[in-house]
Amino acid sequence: MLKEFKKFIARGNVIDLAVGVIIGATFTAIVQSLVTNLINPLIGLFVGRIDLSNLVLQVGDAKFKYGNFLNSVINFLIIAFVVFLIVKAVNKFTKKEEKEAPATPTEADYLKEIRDLLKEKEA
């Protein structure tokens, strides 16, 4: 069992996933700072408040902190947009590599070449 676990951990996918999680957590902290320090004050200009987390709807004794929810939605949208841009850039880069690779001849190409050589030999 220990041998199987060692083999599982040594696989590239697990290590890539671990690196992705660590980078994702760090990236989330950066986006949180962006939202808290730049985006929220900008939205606050239009809403009339700088800190959206203070927005609360109180019904009786229940407090609905929809400002925190708005902050989370803004964080998600920014992260999703940045991930979209990263994936788009990676796709663009990989497509260029695929275009630059020379096309390898197929079996049909070889057969056509043999046919042409045989025709030349007969003539």
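The values are calculated or read from the model by the stated rules, or taken from the named source; none is laboratory data. Note that the coordinates shown come from a computational prediction; the quantities given were computed from them, not determined experimentally. For neighbour counting, all protein chains shown are included, and Cβ atoms are generated from backbone atoms with ideal geometry for every residue, glycine included.
Quick notes on this one:
- Residue match in the stretch 28-42 (condition: in contact with a helix residue (DSSP H, G or I) (Cβ under 7 Å, 6 or more places away or on another chain) and exposed (fewer than 11 other Cβ atoms within 10 Å of the Cβ)): no
- Helices (runs of 4 or more DSSP H) wholly inside the stretch 1-69 containing at least 3 residues that are polar (S, T, N, Q): 12-34
- Any chance VAL31 is aliphatic (A, V, I, L, M) and in contact (Cβ under 8 Å) with a residue 40 or more places away in the chain: yes
- Scanning the stretch 97-113 for residues that are surrounded by 10 or more Cβ atoms within 10 Å (Cβ to Cβ) and at pLDDT below 75 yields no hits at all.
- All positions within the stretch 1-18 that are loosely packed, with under 10 Cβ neighbours inside 10 Å and not acidic (Asp, Glu): MET1, LEU2, LYS3, PHE5, LYS6, LYS7, ALA10, GLY12, ASN13
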